1. Take the conditions assigned to a helix (DSSP H, G or I) and either within 13 Å of chain A (Cβ to nearest Cβ) or more than 14 Å from DNA strand D (Cβ to nearest atom) (or both) and apply them to residue B:44. Does it pass?
2. Give me the residue from the range B:49-72 that is part of a loop (DSSP other than H, G, I, E, B) and of a type in the set (A, V, I, L, M) and, out of that set, farthest from the chain's Cα centre (by Cα).
3. Filter the range A:1-39 down to residues that are within 8 Å of DNA strand C (Cβ to nearest atom) and either open to solvent by 40 Å² or more (accessible area, probe 1.4 Å) or of a type in the set (Val, Ile, Thr) (or both), then give me how many there are.
4. Counting just the residues of the range B:87-136 that are aliphatic (A, V, I, L, M) and farther than 16 Å from residue B:13 by Cα, which one comes out farthest from the other protein chains (Cβ to nearest Cβ)?
5. Does the range A:71-79 contain at least one residue that is more than 12 Å from every other protein chain (Cβ to nearest Cβ), open to solvent by 30 Å² or more (accessible area, probe 1.4 Å), more than 23 Å from residue B:123 (Cα to Cα) and within 12 Å of DNA strand D (Cβ to nearest atom)?
6. Given B:56, B:5, which one is in contact with a helix residue (DSSP H, G or I) (Cβ under 8 Å, 6 or more places away or on another chain) and charged (D, E, K, R)?
7. So which residues in the range B:52-111 are modelled with pLDDT of 90 or more, over 18 Å from residue B:129 (Cα atoms) and touching a Gly at 6+ places or on another chain (Cβ under 8 Å)?
8. Of all residues in the range A:21-36, how many are of a type in the set (S, T, N, Q) and near DNA strand D (Cβ under 9 Å from one of its atoms)?
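The values are calculated or read from the model by the stated rules, or taken from the named source; none is laboratory data. Model, not experiment: these values are computed from the prediction. FYI the Cβ positions are ideal-geometry reconstructions off the backbone, even for glycines, and counts take in every protein chain you see. We work out accessible area using only protein heavy atoms, side chains counted, and drop any ligands, DNA or RNA first. Shrake-Rupley method; radii C 1.70, N 1.55, O 1.52, S 1.80 Å.
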Protein chains: 2
Amino acid sequence: MNNNRFSVSLHILTLLATAGDELLSSEYIAGSININPVLVRKELSNLRKHGMIETREGKAGGSILAKPAKQILLSDVYTAVRQVPLLGQNKNEPNPSCPVGKQINKHLDDLYTDVEKTLMQKLGKTSLFDFVKQFK
Amino acid sequence: MNNNRFSVSLHILTLLATAGDELLSSEYIAGSININPVLVRKELSNLRKHGMIETREGKAGGSILAKPAKQILLSDVYTAVRQVPLLGQNKNEPNPSCPVGKQINKHLDDLYTDVEKTLMQKLGKTSLFDFVKQFK
DNA sequence: TGTACTGTAATATTATTTGTTACAGTATGA
DNA sequence: TCATACTGTAACAAATAATATTACAGTACA
């Protein structure tokens, strides 16, 4: 993951958490992050799919957290934006006639799976509530 | 890091570890990984800079581990290829007039630093020797 | 029924990663 | 001493991925 999606998603969730029961528009959120509103709507769409937010359409519409910030873990955010394994997506096709090449992808996959499990455990210790309460 | 450099570097080191005191050419290594020899030389150059390998130039030249595989940790490999923080490089420039936007980059940086520390601890538990001994 | 939103497709732009070509430098050994 | 087989690295090209933009249909409110 070389993109900014984790940062963007966490920024969105932080804004929603501090907004309480007020609906925030994608325009407003985009203004805080300083990116395009369509990108925000795409991330909102993804967060909604993962059950973290709810959206009301139409005039005076906008988004809101779907559950208390204490119940949203940073590992949930990571899962929502994750596309490829952390350390590389193993797109190499090593030479199968080389004893190392033949086996390495399996061992790399095992390693990456293991490392990501550690990452998830770490991120699972912090909730959105914990993250947001640092803001003063 | 959305690239393949960790995989490539670990593949190179695995080959060198199994080659013992034999020098391996970039051409040979590239053949096992199935990528361009120049890319291999670039990674070799980086690994050399980080003290993990040594290279002999000229005819019959090639590369070899600079120290025992037990003394090369996967965290060393990560450090060598790392360019940007794990979860995003925070290239956003949030709106400073928004209370969340004003502070979020600092909190994201803190979080990413903390998470990477955990990753390093995890990777530091496995040496190149441990990784290579899985190969049969 | 106009207005202010959302959702999403399609496309364009920009950035990053990977691959290639080219060539100078170095050590070996016939 | 010179052909050979390597390395090192710069410069450029191509491919891929991330981000931004435009456009427009759908929805709900007042």
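1. Working: assigned to a helix (DSSP H, G or I): yes; either within 13 Å of chain A (Cβ to nearest Cβ) or more than 14 Å from DNA strand D (Cβ to nearest atom) (or both): no.
Taking the combined requirement at face value, the residue does not satisfy it.
2. B:60
3. Taking the range A:1-39 and keeping what is within 8 Å of DNA strand C (Cβ to nearest atom), we get A:2, A:23-29, A:37-38.
Okay, now just the ones that are also either open to solvent by 40 Å² or more (accessible area, probe 1.4 Å) or of a type in the set (Val, Ile, Thr) (or both), so A:2, A:23, A:25, A:27-29, A:38.
Qualifying residue count, the range A:1-39: 7.
4. Going residue by residue through the range B:87-136, those that are aliphatic (A, V, I, L, M) are B:87, B:100, B:104, B:108, B:111, B:115, B:119-120, B:123, B:128, B:132.
Now restrict to residues that are farther than 16 Å from residue B:13 by Cα: B:87, B:100, B:104, B:108, B:111, B:115, B:119-120.
Working: B:87: 5, B:100: 5, B:104: 6, B:108: 6, B:111: 7, B:115: 6, B:119: 6, B:120: 11 Å.
My answer is B:120.
5. Within the range A:71-79, not a single residue is more than 12 Å from every other protein chain (Cβ to nearest Cβ), open to solvent by 30 Å² or more (accessible area, probe 1.4 Å), more than 23 Å from residue B:123 (Cα to Cα) and within 12 Å of DNA strand D (Cβ to nearest atom).
6. Details: B:56 fails: in contact with a helix residue (DSSP H, G or I) (Cβ under 8 Å, 6 or more places away or on another chain).
Going through B:56, B:5 in turn, the sole match is B:5.
7. B:55, B:56, B:108
8. As a first pass, look at the range A:21-36 and keep what is of a type in the set (S, T, N, Q): A:25-26, A:32, A:34, A:36.
Within this subset, residues satisfying the condition of being near DNA strand D (Cβ under 9 Å from one of its atoms) are A:34, A:36.
Residues in the range A:21-36 being of a type in the set (S, T, N, Q) and near DNA strand D (Cβ under 9 Å from one of its atoms): 2 in total.
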